[in-house]
1. Taking the stretch 180-209 as the search range and keeping residues that are among the polar types (S, T, N, Q) and touching a Ser or Thr at 6+ places or on another chain (Cβ under 9 Å), which one is nearest to ligand 2 (Cβ to nearest atom)?
2. Surrounded by fewer than 19 Cβ atoms within 10 Å (Cβ to Cβ), of a type outside the set (Gly, Ala, Ser) and within 13 Å of ligand 1 (Cβ to nearest atom): does that describe Pro40?
3. Residues that are touching a strand residue (DSSP E or B) at 6+ places or on another chain (Cβ under 8 Å) and over 23 Å from Gly109 (Cα atoms): which helices (runs of 4 or more DSSP H) entirely in the stretch 161-215 hold 2 or more of them?
4. Within the set of pairs 6+ apart or on separate chains, which have a first residue in the stretch 118-142 that is closer than 19 Å to Phe38 by Cβ, a second that is open to solvent by less than 30 Å² (accessible area, probe 1.4 Å) and aromatic (Phe, Trp, Tyr), and C-beta atoms under 9 Å apart?
Amino acid sequence: MIAPSILSADFSKLGEEIKKVEEGGADMLHLDIMDGHFVPQITMGPPVVKSIRKITKLTLDVHLMVTNPDDNIDSFVKAGADMISFHFETAHTPFRTISKIKESGLKAGIALNPLTPISSVLDALPYIDFVLLMSVSPGYGGQSFIPSVLDKIKKMRTIIDRNGYKTLIEVDGGVKGDNLESLKKAGVDIFVAGSYIFKSENPKETVKKMKEILG
Ligand code: DX5
Ligand code: ZN
């Protein structure tokens, strides 16, 4: 599945940008929520998600990069999110956070920074729908993929398969045409890409091309 991250889109014409990736065959939209605390930037909040909800039927994948995820879940549920992930590094009571998301009828995910070990999330795997493995430090689009994350993805895939879990693996950061194949081989289910899609000359064709590579 391909999840274009609108962080690199032109916010002055978001509707048109979303239409382009829809036409290209995007499976979902990845929405990066940054609070200026957990990460330096501030991006968007529930009102923007609510507006996006009105113009697309695509699955809305909300990636919370905020220090207090529990306080923010309800407002993103109301805004129309379909999936919410929060960072393990921010969660004091992750089981409660997962339950809150799932009780609202949404898919729940835990995000891990590139150097946060996979062991931190193993006990949560039976309870979450997806694990988001960051392949750049969260905070900005357009950074380079951190190579060691490839091995981390392979290890996570093995653990999930060996235990028969249904947890999907999402990768986020530095995803491009030239690493798609190795990421697919490593076992990724959901590919987030921001700058590779929205900074390209033709976002629609770029999504199409990605789909072709992934087969
Ligand atoms: C980074 C965000 C990403 C970002 C990815 O903190 O979580 O979703 O948009 O951007 P690219 O694909 O440009 O690395
Ligand atoms: Zn993200």
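1. First pass over the stretch 180-209, keeping only residues among the polar types (S, T, N, Q): 182, 195, 200, 202, 206.
Going one step further and asking which of them are touching a Ser or Thr at 6+ places or on another chain (Cβ under 9 Å), we end up with 195, 200, 206.
Values: Ser195: 12, Ser200: 18, Thr206: 18 Å.
The residue in question is Ser195.
2. Working: surrounded by fewer than 19 Cβ atoms within 10 Å (Cβ to Cβ): yes; of a type outside the set (Gly, Ala, Ser): yes; within 13 Å of ligand 1 (Cβ to nearest atom): yes.
Spelling it out, Pro40 is indeed surrounded by fewer than 19 Cβ atoms within 10 Å (Cβ to Cβ), of a type outside the set (Gly, Ala, Ser) and within 13 Å of ligand 1 (Cβ to nearest atom).
3. Working: elements: 180-186, 195-198, 203-214.
Ranges flagged: 195-198, 203-214.
4. Final answer for the pair search is Gly141/Phe198.
Conditions tested, residue by residue: (1) more than 23 Å from His87 (Cβ to Cβ); (2) more than 16 Å from ligand 1 (Cβ to nearest atom).
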site: Ser144; (1), (2): no, no
site: Lys155; (1), (2): no, yes
site: Gly187; (1), (2): no, yes
site: Lys204; (1), (2): yes, yes
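Listed here are the residues, each with its yes/no results for (1) surrounded by fewer than 17 Cβ atoms within 10 Å (Cβ to Cβ); (2) within 10 Å of ligand 1 (Cβ to nearest atom); (3) acidic (Asp, Glu).
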| residue | (1), (2), (3) |
| --- | --- |
| Asp161 | yes, no, yes |
| Asp172 | no, yes, yes |
| Asp178 | yes, no, yes |
| Leu183 | no, no, no |
| Val192 | no, yes, no |
| Val207 | no, no, no |
| Met210 | no, no, no |
| Gly215 | yes, no, no |
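The values are calculated or read from the model by the stated rules, or taken from the named source; none is laboratory data. Keep in mind that what you see is a predicted model, and the values were worked out from it rather than measured. Positions of Cβ are backbone-derived with ideal geometry, glycine not excepted, and every protein chain shown enters the neighbour counts. The area values use the complete protein model at the heavy-atom level, side chains included, leaving out ligands, DNA and RNA. Shrake-Rupley method; radii C 1.70, N 1.55, O 1.52, S 1.80 Å.
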